[in-house]
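Step one of this worksheet: look at the structure below.
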Amino acid sequence: MNTYRADLHLHTVLSPCGDLEMSPANMISKACEKGLDIIGITDHNSTKHCKLIKKMAEPAGLFVLMGAEVTTREEVHCLTFFENDSQLDEFQHYLEEHLPPILNNIEKFGYQVVVDENENILEQVDFLLLSALDQSIEQIEKKVHSLGGIFIPAHIDRPSYSIISQLGFIPGDLLIDGIEISANCKLQSAMPMMPKNFEKAIIRSSDAHYIQDIGKVFTVFEMECRTFSEIKKALQNTMERKVSIA
C-alpha cells in the first residue's frame, strides 16, 4: 500500500467567504508546496470550479476530488464528492434547483466568482451560496449516493453548522461514508460524538478559506493508488485500505 496526504475541504474564490487569493492556480501551487497528494474542492453549494482545478492539477501530480460543501435544510454542512463530470453536472443541477433565490450581498458576504486558469472572471453567481437548500440531510444523502458519490458530515465538533449542533446526534439510519472533524479538534475529544460501533473513517481537514491554511492539517490515506474507488475503500476501512489522522 501507498500513503497519501489529503486535505479534503478547500474553498475557492467562488465561495463568498473564500479569500480572493484562493484562485485555482494559487491553490494548486500551495497544495504542492505543502506536500499534499489529494485535495477536495468543496465550495458552498456549488461545483463550478471543480473541473478546472482537476484539469490544472493533473500536470502538477495532484489528485482532485470534485464536490461541494452542501448546507442542508437543517443547516448542517456536509461534504459531497463525485467521480466523474456527468455525476458532477447532475449534482450541480440539483443544487441550483434547490438553492433558494436569495441575492448575495457582496458587501456583507463577499464575491462569488467563477474564474479561468488565468484568473479572468467568467461568471459572478448572483444567488447567495451560503443559503440552506430546501432539502433535508436525508434527501441530500440519498441524492449523493444515487449518483455513486461520497457523503461526509463536515466538522461535526463545531458549535454551529454541524450535524451535532443542529440535530444533537448522528442518525443511525443516515448512510455516511465517514465523518470530518475540524482542524483544531483532537480525535479523543470527538469520540463521544461518534455513533456507537462506528467503523468508517474519521478525517481532519483544514476547511481553508485562505491560501496559508491549505494543508495546515491533513488526513493520511493508505491505499494502492489515487482513484475515487480506492478513496471510497479507504473511507470504508476495507480490503486493507485505511485512513488515519496525522
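Derivation of every value follows stated rules applied to the coordinates shown; laboratory data play no part. What you are looking at is a predicted structure, and each value in this text was computed from that prediction instead of being measured. With ideal geometry, Cβ positions are generated from the backbone for all residues, glycine too; neighbour counts draw on all protein chains shown.
Observations on the model:
- Sites excluded, trypsin sites (Lys or Arg not before Pro) in DSSP loops with at most 12 other C-beta within 10 Å, longest stretch of the chain: 1-185
- For region 1-99, chymotrypsin sites (Phe, Trp or Tyr not before Pro) are listed when DSSP marks them as loop and at most 11 other Cβ atoms sit within 10 Å of their Cβ; the list is empty.
- Helical segments meeting 18 Å axial Cα length and Kyte-Doolittle 1.6 threshold in the chain (DSSP H): none
- Over 22 Å (Cα to Cα) - which of Lys54/Lys200; Lys143/Lys216; Lys34/Lys54; Lys143/Lys200; Lys51/Lys186; Lys196/Lys216 fall in this group: Lys54/Lys200; Lys143/Lys216; Lys51/Lys186; Lys196/Lys216
- Around the amide H of Glu224, modelled in the peptide plane, lie the amide H atoms of Asn2, all under 5 Å away and 5 or more residues distant in sequence or on another chain.
- Across region 2-245, the fraction of Cα-Cα pairs farther apart than 31 Å, rounded to a whole number, is 15%.
- Among the GluC sites (Glu not before Pro) in region 183-245, those located in a DSSP loop and surrounded by at most 15 other Cβ atoms within 10 Å of their own Cβ are Glu199, Glu224, Glu240.
- Each peptide in 113-126, 156-169 gets a packing score, the mean of other Cβ atoms within 10 Å over its residues, and the list from highest to lowest is 156-169, 113-126.
- Region 2-245: antiparallel DSSP beta bridges as a percent of all, rounded to 5: 65 percent
- Amide hydrogen neighbours beyond the local backbone of Asn45, cut-off 5 Å, H modeled: Glu69, Val70, Thr71
- Cα centroid separation - region 1-63 against region 215-242, whole Å: 17 Å
- Top of Asn197, Asn184, Asn84 by mean-square fluctuation, Gaussian network on the chain, Cα under 10 Å: Asn197
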